[in-house]
Amino acid sequence: SLATAGSDIFAARYTPTGAVVWVSTFGESTAAADRANAGSAIGAGPLGSVLVAGRFFGSPNFGSTASPFGLISLGEADGFLVQLTASGALARNP
C-alpha cells in the first residue's frame, strides 16, 4: 500500500537505467484486510499506453484530483481495466 490508510494499486514506468519516469496510483480509504484493492495484470497498449487490470472495493478514483474518474463497487470485489497514457494519465475516450 502506498496510502497512509487503505490500499493502492499502482503502475510505474522506468527508464532503461532504472530511473522513475512516472507512477500512477488508484485506491480508497478503507484499510480492511479483506477489502484490499489489488492489481492483477499489466500489459502494453497502443502508442506506449499501459493497460492495468485488477479488483477494487469501495469507490477509488482512477483519475487525478484535477480530473477524477471514480468507480463504485457493488459490495464485493469488482473488476477494473484501465488504460494509462504513455505519460501515466488515465486515457479517456474523446
Worksheet, complete the sentence: Counted residues in the stretch 62-94 being open to solvent by less than 50 Å² (accessible area, probe 1.4 Å), within 15 Å of Glu28 (Cβ to Cβ) and of a type outside the set (A, V, I, L, M) come to 6
Practice prompt. Please tell me if Val20 is exposed (fewer than 12 other Cβ atoms within 10 Å of the Cβ), at pLDDT 90 or above and either on the phi > 0 side of the Ramachandran plot or aliphatic (A, V, I, L, M) (or both).
Written response: yes
Practice prompt. List every residue pair whose Cβ atoms lie under 8 Å apart, where the two residues are 6 or more positions apart in sequence or sit on different chains, the first residue falls within the stretch 10-27 and is touching a residue at least 40 places away in the same chain (Cβ under 8 Å), and the second residue, located anywhere, is of a type in the set (Val, Ile, Thr) and buried (at least 17 other Cβ atoms within 10 Å of the Cβ).
Written response: Ala11/Val50; Ala11/Val52; Arg13/Val50; Phe26/Ile9; Phe26/Val82
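For the stretch 38-50, name all the residues that are open to solvent by less than 60 Å² (accessible area, probe 1.4 Å) and either in contact with a Leu (Cβ under 7 Å, 6 or more places away or on another chain) or not aliphatic (A, V, I, L, M) (or both).
Selection gives Gly39, Gly43, Gly45, Gly48, Ser49, Val50.
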Response to the item:
Residue pairs within 9 Å by beta carbon, gap of at least six or interchain, first lying in the stretch 61-82 and assigned to a loop (DSSP other than H, G, I, E, B) and modelled with pLDDT of 80 or more, second open to solvent by 80 Å² or more (accessible area, probe 1.4 Å) and of a type in the set (Phe, Trp, Tyr), listed first then second, are Phe62/Phe69
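The values are calculated or read from the model by the stated rules, or taken from the named source; none is laboratory data. Note that this is a predicted model, so its numbers are computed, not measured. Reconstructed Cβ throughout: ideal geometry from the backbone, glycine too, with neighbour counts over all protein chains shown. Just the protein is used for accessible areas: all its heavy atoms, side chains included, with ligands, DNA and RNA removed. Shrake-Rupley method; radii C 1.70, N 1.55, O 1.52, S 1.80 Å.
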